[in-house]
């Protein structure tokens, strides 16, 4: 069988910070494509990696007191670890700081300059640091970056430019004459109507105010800007050579079958990148697929909102395949997906624990109970006639692969996953229709019982096989219960094995029934996750909130007027008329005093009894909610407005004075 090459890529991840779960959807989705193409017999090369240059990284490293290289080494390591954690089967992980990539990018820049497609000029306009993008005044939206909505700054510097405007007619004609090049259709219309037809401007492709980048080979005052540096990774990884001495991987795999990217960077790939390739005389990728975003509920993920979810945290709680399943099933084809802890738990329990896990577990358990764990013989099964339910189950099972293939070819991954779960639901319905536990009570219906359980194993085998691209570890566990005949196991391509309803080896053992997914107690888990989320939000807010300026200076004599003592909390309770006050009974070394403090939001009364606190004991008494307060307990107000008590060393005796 011919193994036709198939090359697919993700966008390379920017190494500013650890990626959240929304960023990791893309690698899982692309991995599912790669795994399915391998099952079809394709010779797959799957590229991912990291984008490691630019002003943002330079600034982050400076703030952290480390070099940019140290910063990107750490983040690139985290990104690769997440790829590995999610069981992605990439062929190569490229980094744009790799020496080979650096040299090949410089050669590309040199060639484009030599042939007149890059020229030297001066940039005057607006610059967005987070997006690393230059804009004209007319391109701004309400005076802000049209991509991210953040503030921009005035920019003026000498720069090299890529002559995009020269190729406007060509790129417009190319996209319109290749209707499936940009996918989905809405992305293609957006590129033509919003960016190309209004007029392409030449693109700034070097910087002088940034040092963290690949130097322009003939002008060391400039570094090569992100567009040529990052986008070129798709060919430098394969050994593209600007002088024509290409590596074997490039000769074998280029052009790419598909670039899988986020919808926000379709412009860079379908216009900038494609024009660059045309300038170089290189073939154009066959397709660019711009997927939607994964949101937290209805919002983009943000540390300041405390709604950032990381893949490793989800995997630790739910497992790798459950996270893969959720990401793939929750992202629609053309609109943004949504992740919430509630929906994650709901899908885990309903789809994985109930529909899938329960099907496999109870089928295997019944084979063990009624046939000693041995798959019934062909002769016994053949002695029972087919019934109406058998034919319908067979039809659904045999129709699953064709439907799945059609959906994957159209990048409708969530629908493809649902297609496999539909077969699992049909198998569950078949159990209800045939009631094996009733058949088992009648010795004369043993053959019918055998046929029912065998049909279920055949359906489960197809489910297991077709889950391989999406949930590889779970798929192998399922297939361990449905050993195939030698003839079927040798069938190529592998996908053809799952077009067959049958082929489960008679006389083989099904193994022990074990739950694939154990139901989650939603209330308990949600309570824990909510606490984690609130803590993360508070931490992020404290880190980002401005610190209050210092008060005016005072003399030591003014400070000495405050008598601050170590006091022991003898009792503490909430004030009934107030939602924010706690009433303390403090021992100040001489006697007891009552002090009220507005910290009920942050502390439970019982956790403070017995603790030592600091109290200003010479304040004039005041009445709060009808109660007298004789002093003020010292606390610290964080930049985010939260309050924390100041606890002195508990060994200090009550009555000791702060001095």
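Bear in mind these aren't lab numbers, they're just calculated from the coordinates by the rules spelled out. All values derive from a computational prediction rather than experimental measurement. Don't worry about glycine lacking a Cβ; one is built from the backbone with ideal geometry, like all the others, and counts go over all protein chains shown.
Structural remarks
- The simple spin-label model puts a point 7 Å past each Cα toward its Cβ; for residue 643 and residue 3 those points are separated by 6.8 nm.
- Beta bridges assigned by DSSP with both partners in the chain are antiparallel in approximately 70 percent of cases.
- Relative to its residue count, region 322-499 spans a Cα convex hull of 117 Å³ per residue.
- Potential lengthening of the chain between residue 201 and residue 120 amounts to 27.7 nm, from the contour at 0.36 nm per residue minus the alpha-carbon distance.
- Taking 0.36 nm per residue of sequence separation and removing the Cα-Cα distance, the residue 382/residue 508 pair yields an extension gain of 43.6 nm.
- Oblate is the label for region 9-117. Its Cα gyration tensor axes, ordered a ≥ b ≥ c, give a/c of at least 1.5 and b/c at or above a/b.
- Between residue 442 and residue 81, the FRET efficiency estimated from the beta carbon spacing at R0 = 60 angstrom works out to 0.60.
- Cα gyration tensor shape of region 164-233, rounded if a/c is under 1.5, else prolate or oblate by comparing a/b with b/c: prolate
- Alpha carbon centroid spacing (whole Å) that separates region 573-616 from region 492-531: 54 Å
- Efficiency of FRET from Cβ geometry, residue 346 and residue 185, R₀ 30 Å, rounded to 0.05: 0.40
- Region 421-464 and region 3-50 have Cα centres separated by 37 Å.
- Across the chain, the volume of the C-alpha convex hull divided among the residues equals 226 Å³ per residue.
- Label separation (residue 409 vs residue 178): 2.0 nm, computed from points 7 Å beyond Cα along the C-beta direction.
- Computing FRET efficiency as 1/(1 + (r/R0)^6) for residue 606 and residue 398, where r is the C-beta to C-beta distance and R0 is 60 Å, gives about 0.40.
- Residue exposure proxy: 550, 389, ordered by other Cβ atoms within 10 angstrom of their Cβ from fewest to most, comes out as 550, 389.
- Region 556-645: C-alpha gyration tensor shape, a/c 1.5 cut-off, then a/b vs b/c: rounded
- For the pair region 352-379 / region 78-125, the C-alpha centres are spaced 52 Å from each other.
- Footprinting exposure proxy for 170, 212 (fewest neighbouring C-beta atoms within 10 Å first): 170, 212
- Listed peptides 205-211, 9-15 appear in the order 9-15, 205-211 once ranked by packing, highest mean of other Cβ atoms within 10 Å at the front.
- Ranked 456, 658, 192, criterion: other C-beta atoms within 10 Å, fewest first: 658, 192, 456
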